[in-house]
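Below is one structure, written out as structure tokens; the observations come after it.
Read-outs throughout are calculated quantities, based only on the coordinates presented, and are distinct from any laboratory measurement. Values in this document were obtained by computation on a predicted structure and should not be read as measured data. A quick note on method: Cβ atoms are made from the backbone with ideal geometry, for glycine too, and the neighbour counts reach across all protein chains shown.
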Amino acid sequence: MMEEYKVLVSVMAAEQIKKQLIKRGTPNGYLRLGVKGSGCSGFSYVLQFEDTEPKDKDIVFNTEGVNVIVDNKSIQYLNGSTLDYEKTLLQQGFKFINPNQKSSCGCGESFSV
């Protein structure tokens with residue numbers, strides 16, 4: 001029995017992703033989400049645009065009209081997460097809302113699970 005995974009993208013994040021894909025000239029491209037070992041807390045998030053088809057072991061989600069790819073190893077850390085886009089007076093950018101995240105470092109660049 002396959003486990004059911006879920007990764008969501010908020011409406012605000014989807015709008016930004018679609019704008020970036022159009023700007024890149026690849027409106028049908030993908031956004032790859034993942035985690036890698038780094039930083040003072042152990043892991044950091046990875047976001048990158050891809051124009052090639054997903055690999056066999058990738059998990060593909062279509063959420064808010066955006067195609068999102070998560071690799072087989074990262075899904076255990078990102079399952080249940082939502083990618084949001086935040087725009088405040090001081091900063092703007094993508095932000096992960098991750099129920100698996102136990103803590104993050106002081107600089108906000110890495111997290112632990």
Karplus-derived HN-Hα couplings along region 48-58 (A = 6.51, B = -1.76, C = 1.60, θ = phi - 60°), whole Hz, x at Gly and Pro: 8, 7, 9, 9, 8, 5, x, 7, 4, 8, 6
Projected label distance in nm at V60 and L47, using a 7 Å step from Cα toward the beta-carbon: 2.2 nm
Placed amide H near F43: partners under 5 Å, 5+ positions off or other chain: S38, F111
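With the cut-off at 1.5 for a/c, could you classify region 8-112 from its C-alpha gyration tensor as rounded, prolate or oblate?
Working: a/c = 1.90, a/b = 1.24, b/c = 1.53.
Oblate.
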